[in-house]
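Read the structure below first, then the notes.
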Amino acid sequence: MSSPSCCPYLAIKSDPLTRSACLEIPNYCHKLDRPRAVRYDYQLEICRNISYPVCPLLSGAQIPDPLIFEEPERLPPFPSGYQPLVYSLAVIALLALAAVLLTAAPPPAPPQTTPSPRSTVYILPAPATPLPASHSPLPTLSSPTTPSPLPTSSSPSPLPTASPGPQLATPFGAGPYLVHRVREGESYEYLAALYRTSIEVLTTLNRPPTDRALFVGSDVVVAPATTSTAGLVALQPLFLEKDTPAQDLAAQYNVPLEELRRHNAITTDLVTAPRWIVIPK
């Protein structure tokens, strides 16, 4: 996961081997015993370039948290001037509730007096009159219907998982580059804003049709935080499913071996899968 131009302790919270380059998935500092989210501007200034060794956390120095870490959200304190009003409203609500309960209570039963033995009257219960034969039977309760299950919301996109090489949205190579899979509604303008790059950089790397159309499920090469097209060439994303010698890849796609190594930061003869690489067009 690490490279000479990025801090090896910067990764997503659930996986210290995978790094995110988009704002929706924050990166955490795994140098700490309990990883904390790192401010995005601090990542761009220190963590994501060759100056990361100057970070005070690597030397054990103490600096104010807001300079590096995201502050947790806190609820604003309750204004003190509204407390008497709140107390008054609470008392009024309790009194109104008590008045409703007293109004709805049944009237008290009259006191029962014990009659004297002389005035005791015994009232025999009247015999129950049977229902006529033509009386319709009482309706039977129907079995309760089973409610339809509520529709479940779609599961969120899973976070990148650890692997021997870079996966989707994980920077790698000399750019650094990353591979983005297009989803519905996305455009080059959206990707340029998401990764803080420019439309010119995206079109230089991918050479789209003249109408710059994007297709759902297609893979786009991105150079995050890059706005200049100087030195950029068109690249083709390729996902390796098995270990392949770098020499074989260069021969298969007819590209110089050194160019293939440079664009993908490959330092070994064998490219370990699974991972993404880019092929110069």
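Rundown of residues vs (1) touching a helix residue (DSSP H, G or I) at 6+ places or on another chain (Cβ under 9 Å); (2) closer than 28 Å to residue 10 by Cα; (3) at pLDDT 90 or above, yes/no style:
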{"position": "198", "(1), (2), (3)": "yes, yes, yes"}
{"position": "204", "(1), (2), (3)": "no, no, yes"}
{"position": "216", "(1), (2), (3)": "no, no, yes"}
{"position": "243", "(1), (2), (3)": "no, yes, yes"}
{"position": "248", "(1), (2), (3)": "no, no, yes"}
{"position": "252", "(1), (2), (3)": "no, no, yes"}
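Might you let me know whether region 215-235 holds any residue that is surrounded by fewer than 14 Cβ atoms within 10 Å (Cβ to Cβ), in the same structural domain as residue 190 (by TED's automatic domain parsing) and not in a loop (DSSP other than H, G, I, E, B)?
Looking through region 215-235, none of the residues is surrounded by fewer than 14 Cβ atoms within 10 Å (Cβ to Cβ), in the same structural domain as residue 190 (by TED's automatic domain parsing) and not in a loop (DSSP other than H, G, I, E, B).
Is region 189-196 home to any residue that is surrounded by fewer than 20 Cβ atoms within 10 Å (Cβ to Cβ), outside the structural domain of residue 237 (by TED's automatic domain parsing) and more than 18 Å from residue 7 (Cα to Cα)?
Checked region 189-196: no residue is surrounded by fewer than 20 Cβ atoms within 10 Å (Cβ to Cβ), outside the structural domain of residue 237 (by TED's automatic domain parsing) and more than 18 Å from residue 7 (Cα to Cα).
Tell me which residues, restricted to region 264-273, are in contact with an Asp or Glu (Cβ under 6 Å, 6 or more places away or on another chain) and either assigned to a strand (DSSP E or B) or exposed (fewer than 15 other Cβ atoms within 10 Å of the Cβ) (or both).
Result: 270, 272.
Name the single residue, out of those in region 150-185 being at pLDDT 85 or above and under 18 Å from the mean Cα position of the chain (by Cα), that is surrounded by the fewest Cβ atoms within 10 Å (Cβ to Cβ).
Going through the qualifying residues, I end up with 184.
A quick yes/no check of all residues on (1) over 21 Å from residue 20 (Cβ atoms); (2) touching a strand residue (DSSP E or B) at 6+ places or on another chain (Cβ under 6 Å); (3) basic (Lys, Arg):
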position	(1), (2), (3)
201	no, no, no
213	yes, no, no
232	yes, no, no
245	yes, yes, no
259	yes, yes, no
262	yes, no, yes
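The values are calculated or read from the model by the stated rules, or taken from the named source; none is laboratory data. These figures come from a predicted structure and were not determined experimentally. Counting neighbours? That spans all protein chains shown, and the Cβs are built from the backbone with ideal geometry, glycine included.
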